[in-house]
Amino acid sequence: MSLPMIPAAKPIIGEDERRAVDAVLASGMVAQGPEVKAFEAEFAEHFTPGRACVAVNSGTSGLHLGLLAAGIGPGDEVIVPSFTFAATGNAVALTGATPVFADIEPDHFCLDPESIRASITERTKAIMPVHLYGHPANMPAIRALADEHGLMVFEDAAQAHGASLNGEQVGTFGTFAMFSLYPTKNMTSGEGGMVACATEEIARNVRLLRNQGMETQYANELVGLNNRMTDIHAAIGRVQLTKVDAWTAQRQANAKFLDAHLEGVTTPPVADGAVHVYHQYTIRIPGAAGAERDRVVTALREEHQVGSGVYYPIPNHRLASLAPYAPGLELPETERAAAEVISLPVHPSLSQDDLERIVTAVNTVVVKAGA
Ligand SMILES: *Cc1c(COP(=O)(O)O)cnc(C)c1O
């Protein structure tokens, strides 16, 4: 008997979002306008109090424009993790700067301060941690290193809406932070990104860069792009913003259940003082080689109809696109994580029955793998 598939992720788009989009369509004005402006203010109030937020058409654009606004360009180095989505390093490379890949610490999968320290050169301009899977990076140590070496800090908070460390919200630590609004992220606008800026100067630069370098029409001040968000997307995002806290609480409750019931795997630990928002619930199959881990993923899907994901099977410094920036680099914890991790469904649409099926499936398949 084949059960219905439990998907690894499930964007929630309801009647409220459809009504909000319809209202924008009915207005006849769909490009960047009042909805975007309202979304920026509401997002800032919700996640990054005191910061100016600027909406763009994707998270990747947000990173790219944030880096440009902070003055990153050719000759500069920005330290990033290799164990992340390629957008992190891509954004650095697209500015003409060099992404320098550092290793992660094994518990929380985020940048390891000791590896950052070893990666600093006289060209280093900034450190850009990723709050991977929704767990905050070690910001006190990163901030201390940045202060010691006169570096900027940028945050890739694509996966971490609402995460915090010692009461400080992610997105409020550095010169800028980017939140992604892609459909599988903790909230969506369809496609989109939000850049939270530490100063009005950075915010103004991001606004200029997303709009051909114009503040006053046809009086272009900078060479820029068209990375604007539409009012259609902002309308979706505004509705999602009213629901994201409840969804996060459900993700956290789902994670708690998985923590309590999974056996034979390493469940994701949470650092002292950290609030994890579980964009992904990522376990390790300790000691697994990539092939064995992949066998578990296949068995979960084919024998138990449980979807899962591997984020990310190939470290960025091994990708054909980014490897040229990292000749001969070895990052042992990154390589180990890439071979061992599996992200299980944790999204807020899971039922209790789904959670129990996931636990049974993992406990069965992993015991079998070990036998
Ligand atoms: C999703 C993601 C991005 C890119 O965001 P998009 O909105 O898809 O462009 C960047 N970094 C990380 C870590 C991500 O997960």
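Things worth noting here:
- Distance between the 7 Å Cα→Cβ label points at residue 12 and residue 114: 4.1 nm.
- Of 165, 300, 329, the one that fluctuates the most in a GNM where the chain has Cα springs shorter than 10 Å: 329
- Among 344, 350, 222, sorting on how many other beta-carbon atoms sit within 10 Å of each Cβ, with the fewest leading, yields 222, 350, 344.
- Computed over the chain with a Gaussian network model linking Cα atoms closer than 10 Å, the most mobile of 341, 56, 195 is 341.
- Relative exposure of 202, 236, judged by other C-beta atoms within 10 Å (fewest first): 202, 236
- The chain: calculated mean residue ellipticity at 222 nm from DSSP helix runs of at least 4, using -39500 (n - 2.57): -12500 deg cm²/dmol
- For the pair the range 266-291 / the range 1-75, the C-alpha centres are spaced 27 Å from each other.
- Taking θ as phi - 60° and the Karplus parameters 6.51, -1.76 and 1.60, the scalar couplings of the range 289-306 work out to 8, x, 5, 5, 4, 5, 5, 5, 4, 5, 5, 4, 6, 7, 8, 10, 6, 10 Hz in sequence order, x denoting glycine and proline.
- For 139, 178, 194, order by how many other beta-carbon atoms lie within 10 Å, fewest first: 139, 194, 178
- Most simply put, the chain has about 60% antiparallel DSSP beta bridges, counting only bridges with both residues inside it.
- Counting only Cα atoms, the size of the chain along its three principal axes is 69, 54, 37 Å, in decreasing order.
- Of the chymotrypsin sites (Phe, Trp or Tyr not before Pro) in the range 163-246, those whose Cβ has at most 13 other Cβ within 10 Å and which sit in DSSP loop: 218
- Theoretical FRET efficiency, 1/(1+(r/R0)^6), r = Cβ-Cβ of residue 204 and residue 294, R0 41 Å, to 0.05: 0.30
- A simple rule links phi to the HN-Hα coupling: the Karplus curve 6.51 cos²θ - 1.76 cosθ + 1.60 with θ = phi - 60°, which for the range 313-329 gives x, 10, x, 4, 6, 10, 6, 3, 5, 10, 4, x, 7, 9, x, x, 6 Hz, with x for Gly and Pro.
- When the chain is treated as a Gaussian network with alpha carbon springs shorter than 10 Å, the biggest mean-square fluctuation among 15, 45, 221 belongs to 15.
- In the chain, lysine pairs with alpha-carbon atoms under 24 angstrom apart (chain gap of 8 or more, or interchain): 8
Coordinate-derived values only; no laboratory data. Computed from a prediction, not measured in an experiment: that's the story for all the values here. Note that we place each Cβ from the backbone using ideal geometry, even for glycine, and neighbour counts take in every protein chain shown.
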